[in-house]
1. Return yes or no: is G101 more than 24 Å from P175 (Cβ to Cβ), within 16 Å of ligand 2 (Cβ to nearest atom) and in a loop (DSSP other than H, G, I, E, B)?
2. Could you tell me whether P116 is exposed (fewer than 15 other Cβ atoms within 10 Å of the Cβ), out of contact with any helix residue (DSSP H, G or I) (no Cβ under 9 Å at 6 or more places or on another chain) and either of a type in the set (G, A, S) or within 30 Å of H8 (Cα to Cα) (or both)?
3. Of everything in the range 216-242, what is under 18 Å from K282 (Cα atoms) and of a type in the set (D, E, K, R)? Give them in sequence order.
4. Search the range 260-279 for residues that are closer than 17 Å to V232 by Cα and pair each with any residue that is at pLDDT below 95 and part of a helix (DSSP H, G or I) when their beta-carbon atoms are under 7 Å apart and the residues are at least 6 apart or on different chains.
5. Can you name the strands (runs of 3 or more DSSP E) wholly within the range 152-255 that have at least 2 residues being without any contact (Cβ under 8 Å) to a residue 60 or more places away in the chain and surrounded by fewer than 19 Cβ atoms within 10 Å (Cβ to Cβ)?
6. Can you tell me which residue within the range 118-136, out of those that are within 21 Å of the chain's Cα centre (by Cα) and polar (S, T, N, Q), is nearest to P20 (Cα to Cα)?
Amino acid sequence: MSTAAYIHGVRDIRIGEITPAQADGQSAIIDIESVGICGSDLHYYKDGAIGGARIDDPFVPGHEFSGRLTSDIESMGLRRGQLVAVDPALPCHRCEWCEDGYHNLCPDVVFLGAPPYHGALTQQLKVPLQSIVPIPDTMSADQAAMLEPLGVCIHAIDLAKPRLLESVTILGCGPIGLGILQLLKLTGCGDIFAIDPQPHRTELALKLGAAQVGPSVEALLDTSGRGGSHLVIEATNSPAGFRDAVNAARIGGRVLLVGIPDGNLYDAVSAADARRRGLTIKFSRRMGNVYPRAIDLVAAGKVDVDCLVSHRFPLQGTAEAFAMQADEADGLIKSIVYPGQA
Ligand SMILES: [Zn+2]
Ligand SMILES: [Zn+2]
């Protein structure tokens with residue numbers, strides 16, 4: 001038996017037993033080292049669901065993780081003890097979206113750490129061989145766990161297509177917003193405005209290269225449509241995120257929505273504000289084939305994921321970690337849980 005952190009319902013996390021799975025020819029067992037707590041995990045904790053994805057039975061969250069192989073994988077040339085990251089999404093490879101290369105949109109995806117599939121907040125997990133991403137020796141287990149949220153950021157940049165020297169506004173300076181900020185700095189875009197109500201987050205945004213920061217769109221930008229940004233990337237958990245993004249965009253601008261709003265509803269968006277600006281609006285869903293680039297960016301030191309990790313917990317501290325994030329504790333950006341520590 002090993003132990004796992006289960007979400008039973010709203011604000012209800014308990015440590016319980018779990019039967020470790022046996023490996024077969026298509027999968028391997030890894031000893032979990034680092035697990036990041038994601039804003040999406042928080043929705044299960046706060047709302048008991050993300051839209052139609054509800055917690056019917058207690059489930060183990062955790063989709064941002066790394067670990068070490070417990071046995072050799074001859075077919076991949078990997079040895080026991082190798083540090084690996086795991087792509088939590090297993091698309092069906094058969095539907096029309098998979099066939100067209102949009103694996104992130106597969107409606108039949110199996111996603112580790114989303115109900116009903118258990119995730120990584122446990123000591124050992126069985127993972128499909130095709131989901132295993134070997135990690136260079138120079139990288140840490142925490143960095144490997146951060147590749148998944150960094151992948152979300154890379155996918156957002158792929159969709160946003162920032163242009164040289166155009167201004168960009170980022171709404172939300174959590175791990176995703178701050179990851180996107182670092183990637184934007186590599187693209188040659190213009191001034192970046194970063195917005196978050198929590199001062200410790202905007203302070204870090206300034207250190208990472210934002211031109212200006214503020215607690216709200218109104219505090220920082222002209223919201224008339226004449227002076228806003230060419231590109232607005234929304235990475236909050238706020239129902240007001242969509243509306244704020246529209247207000248932050250200039251006439252003819254583009255808006256990319258990455259965040260998942262609390263309660264699964266957006267606040268009302270003024271049709272006139274969005275329509276008269278002729279905005280192009282896109283939604284980002286998970287990620288495409290991003291792991292090779294995510295590894296290169298971290299290994300080369302072009303993106304600093306370590307600065308995003310603010311809190312660390314043993315498995316027994318999982319409930320505290322979720323509560324702190326739900327309550328927007330001061331100083332918190334990203335929490336990592338170490339299931340190997342009791
Ligand atoms: Zn995530
Ligand atoms: Zn599919």
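The values are calculated or read from the model by the stated rules, or taken from the named source; none is laboratory data. In this text the structure is predicted, and so the values were computed from the model without any measurement. Note: ideal-geometry Cβ built from the backbone for every residue, glycine included; neighbour counts use all protein chains shown.
1. Working: more than 24 Å from P175 (Cβ to Cβ): yes; within 16 Å of ligand 2 (Cβ to nearest atom): yes; in a loop (DSSP other than H, G, I, E, B): yes.
Yes.
2. Answer is yes for this residue.
3. Within the range 216-242, E234 is the sole residue that qualifies.
4. I260/G39; I260/S40; I260/H43
5. 212-214
6. If we take residues in the range 118-136 being within 21 Å of the chain's Cα centre (by Cα) and polar (S, T, N, Q), then T122 is nearest to P20 (Cα to Cα).
Here is a yes/no grid of residues against (1) away from ligand 1 (no atom under 16 Å from the Cβ); (2) in contact with a Gly (Cβ under 7 Å, 6 or more places away or on another chain):
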site: E99; (1), (2): yes, no
site: C106; (1), (2): yes, no
site: G113; (1), (2): no, yes
site: A120; (1), (2): no, yes
site: D137; (1), (2): yes, no
site: Q143; (1), (2): no, no
site: L147; (1), (2): no, no
site: I157; (1), (2): yes, no
